Amino acid sequence: MAEQTRRYQRDVAWLLSRRDEFVEVDCPACGSGDADPAWSKFELDYVRCRACETVYINPRPSLDLLGEYYRRSENYDYWNNVVFPASEDARRAKIFRPRAERVAAIAERHDATGGVLVDVGAGFGTFCEEALALGAFEQVLAIEPEPHLAETCRRKGLEVIERPVEEAELPVDQVGVVTNFEVIEHLFSPREFVARCAALLPPGGLFVVTCPNVKGFDIVVLGAVANAIDTEHLNYMHPHSLGLLLEREGFEVLESETPGRLDAELVRKKALAGEFDLSRQPFLEQVLLEEWDRLGDAFQDFLTASGLSSNMWLVGRRR
Ligand SMILES: [Zn+2]
């Protein structure tokens with residue numbers, strides 16, 4: 001983690017050195033141009049849309065600069081070659097298997113099992129492997145444009161489309177579900193991306209998307225101190241604003257949940273590390289520090305069940 005932090009700092013320094021290539025954008029969720037300052041971090045400006053309360057980096061790296069950033073990122077290289085391989089077993093058990101089970105249950109609820117599942121931004125393919133193993137889908141396709149990651153997917157025996165989503169050619173009438181995990185917050189234009197995902201689905205097909213919820217507990221409490229606020233996350237939507245975006249791009253929103261489990265612990269850890277002061281928030285101090293053993297789980301259960309966790313899932317059905 002220390003090495004990752006060093007590499008990330010070098011990536012950020014490189015990005016800031018190219019600041020003259022940043023561009024102004026409107027709200028990535030609703031298109032409004034009215035916004036107020038929200039936070040400053042890493043010498044970047046995060047603004048909050050007056051219309052829909054989405055927070056976004058503005059100005060932000062241009063599309064070309066963003067492409068170059070990810071191609072040359074020392075942090076991503078380290079993540080791909082060291083961190084992920086070393087932690088894949090734990091991630092499989094704690095993240096990817098539960099994720100696949102959740103998607104299979106969603107498909108079951110909305111009568112979308114049996115067809116093709118397409119995972120956009122498949123990465124190491126661990127989710128696709130787990131989705132395949134569940135047997136709920138006839139076929140699982142991984143869309144992964146990054147050559148090294150696409151090769152990793154192929155070595156796992158997965159069917160891979162090594163192209164950006166806009167160039168992927170699919171048997172659209174057989175696609176039942178398109179999934180996309182923790183990607184949309186990184187994209188220059190979430191709206192274009194959602195439109196492209198919609199184009200991969202026939203009417204009635206499901207789109208499952210996950211990302212941070214800016215109205216989730218740890219982000220609301222910690223603000224810019226939250227780990228989720230970083231240079232790579234350009235867009236911070238919440239269930240309502242992401243829902244509006246999906247509606248505008250041809251989906252009916254069927255489900256909106258915040259199943260995240262880490263909010264309370266994230267704030268607690270920041271307080272324990274001295275990075276965030278809870279002394280003027282006695283209620284949170286009581287729950288997260290003094291009576292953590294008694295209240296921690298119950299408090300997190302409340303956040304998760306009430307739409308107040310900072311990890312959200314939306315399910316849309318193509319009209
Ligand atoms: Zn907006």
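Just so it is clear, none of the values below were taken in a lab; they were calculated from the coordinates. All values reported here derive from a predicted model rather than from experimental measurement. Cβ sites come from the backbone with ideal geometry, for glycine too, and all protein chains shown count toward neighbours.
Here are the numbers for this structure:
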{"read-out": "Matching residues, the stretch 282-307, being within 26 Å of the chain's Cα centre (by Cα), among the hydrophobic types (A, V, I, L, M, F, W, C) and surrounded by 12 or more Cβ atoms within 10 Å (Cβ to Cβ)", "value": "LEU288, PHE299, PHE302, LEU303, ALA305"}
{"read-out": "Elements of type strands (runs of 3 or more DSSP E) contained in the stretch 1-104, each with 3 or more residues being surrounded by 12 or more Cβ atoms within 10 Å (Cβ to Cβ), of a type in the set (Lys, Arg) and within 16 Å of the ligand (Cβ to nearest atom)", "value": "none"}
{"read-out": "Matching option when the condition is out of contact with any Ser or Thr (no Cβ under 6 Å at 6 or more places or on another chain) and loosely packed, with under 15 Cβ neighbours inside 10 Å, among SER256, SER279", "value": "SER279"}
{"read-out": "Those residues of the stretch 39-59 which are free of Cβ contacts under 8 Å to residues at least 40 places away in the same chain and of a type in the set (A, V, I, L, M, F, W, C), in sequence order", "value": "VAL47, ALA51"}
{"read-out": "Flag for VAL208 being touching a residue at least 60 places away in the same chain (Cβ under 8 Å), out of contact with any Asp or Glu (no Cβ under 7 Å at 6 or more places or on another chain) and farther than 19 Å from PRO164 by Cα", "value": "no"}
{"read-out": "Residue match in the stretch 167-184 (condition: of a type in the set (A, V, I, L, M, F, W, C), surrounded by 15 or more Cβ atoms within 10 Å (Cβ to Cβ) and part of a helix (DSSP H, G or I))", "value": "yes"}
{"read-out": "Residue within the stretch 236-252 that is more than 23 Å from VAL120 (Cα to Cα) and touching a residue at least 12 places away in the same chain (Cβ under 8 Å) present", "value": "no"}
{"read-out": "Where a residue in the stretch 75-90 is under 17 Å from THR5 (Cα atoms) and its partner, wherever it lies, is of a type outside the set (Asp, Glu) and not in a helix (DSSP H, G or I), with Cβ under 6 Å and at least six apart", "value": "PHE84/PHE124"}
